[in-house]
Amino acid sequence: MTTYEWLYDEFTDGLGEPWLHAGFVHGLHPEDAMQRIGITPGPLDGAGSGVTAYAAHGGTVLLERCGEGIVYRNAHLLSEGTAAAAVRVTLKGADFIYYVKDQLITTSSLFSYRFREGSDPDRLRSDLQELGMNLDDERPEFPEHPVASALALAERATGVHLSPAHYADPALTGSTGYMDRYR
């Protein structure tokens with residue numbers, strides 16, 4: 001199993017609270033992925049808000065810093081003609097969403113997969129089980145690493161793998177400070 005604990009750690013503040021919006025997009029180059037969600041490549045704004053698009057094995061991974069969830073909310077745009085999965089983890093909640101060709105396949109909270117929704121909400125069921133996620137609330141405890149597991153699920157769903165080496169490579173950035181937060 002691919003583990004994304006290293007990425008989770010990168011997006012955790014000094015108090016252990018994560019703030020992460022990640023999108024995995026099959027078969028797209030970083031420039032194309034940024035264009036689909038309306039981000040112009042350039043420097044991050046003064047507050048550090050923006051999206052970074054990393055070339056990864058099989059496609060692109062977009063990571064949003066200090067943002068409002070533009071990557072997560074626009075996963076359907078990223079999926080046009082391909083597949084996209086996104087993970088959102090903030091103080092307000094933690095969610096997973098998966099689209100294929102602009103069709104919502106499945107979405108749920110990372111802590112309650114029991115309430116999955118979408119046109120094929122159980123498509124990733126075997127992957128969820130292999131990753132140790134609490135599918136039907138059959139276990140009283142939360143999974144040990146739900147965010148890292150959700151990132152691994154996004155990889156499995158899309159076939160896009162972000163390694164620490166990809167993450168260390170130069171990447172395309174763009175500010176989101178000018179964008180409408182409810183876009």
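Please specify each residue of the range 5-42 satisfying the condition of being aliphatic (A, V, I, L, M) and either at pLDDT 85 or above or touching a strand residue (DSSP E or B) at 6+ places or on another chain (Cβ under 7 Å) (or both). Walk me through how you get there before you give the answer.
First, pick out the residues of the range 5-42 that are aliphatic (A, V, I, L, M): 7, 15, 20, 22, 25, 28, 33-34, 37, 39.
Matches in the range 5-42: 7, 20, 22, 25, 28, 33, 34, 37, 39.
Residue 47 satisfies every condition listed in (1) open to solvent by less than 60 Å² (accessible area, probe 1.4 Å); (2) out of contact with any Leu (no Cβ under 9 Å at 6 or more places or on another chain); (3) farther than 17 Å from residue 96 by Cβ except (1). Looking across the range 106-129, the residues that are open to solvent by less than 40 Å² (accessible area, probe 1.4 Å) and in contact with a helix residue (DSSP H, G or I) (Cβ under 8 Å, 6 or more places away or on another chain) come down to 110, 113, 124, 127, 128.
For the range 43-58, filtered to residues that are over 15 Å from residue 165 (Cα atoms) and not β-branched (Val, Ile, Thr), the residue that is modelled with the highest pLDDT is 50. Restricting attention to the range 33-69, the residues being within 17 Å of the chain's Cα centre (by Cα), charged (D, E, K, R) and farther than 21 Å from residue 89 by Cα number 1.
The values are calculated or read from the model by the stated rules, or taken from the named source; none is laboratory data. Quick caveat: nothing in here was measured; it's all calculated off a predicted structure. Glycine also receives a Cβ, built like all others from the backbone with ideal geometry; neighbour counts cover every protein chain displayed. For the accessible areas, the whole protein counts, side chains as well, though only heavy atoms, and no ligand, DNA or RNA atoms are used. Shrake-Rupley method; radii C 1.70, N 1.55, O 1.52, S 1.80 Å.
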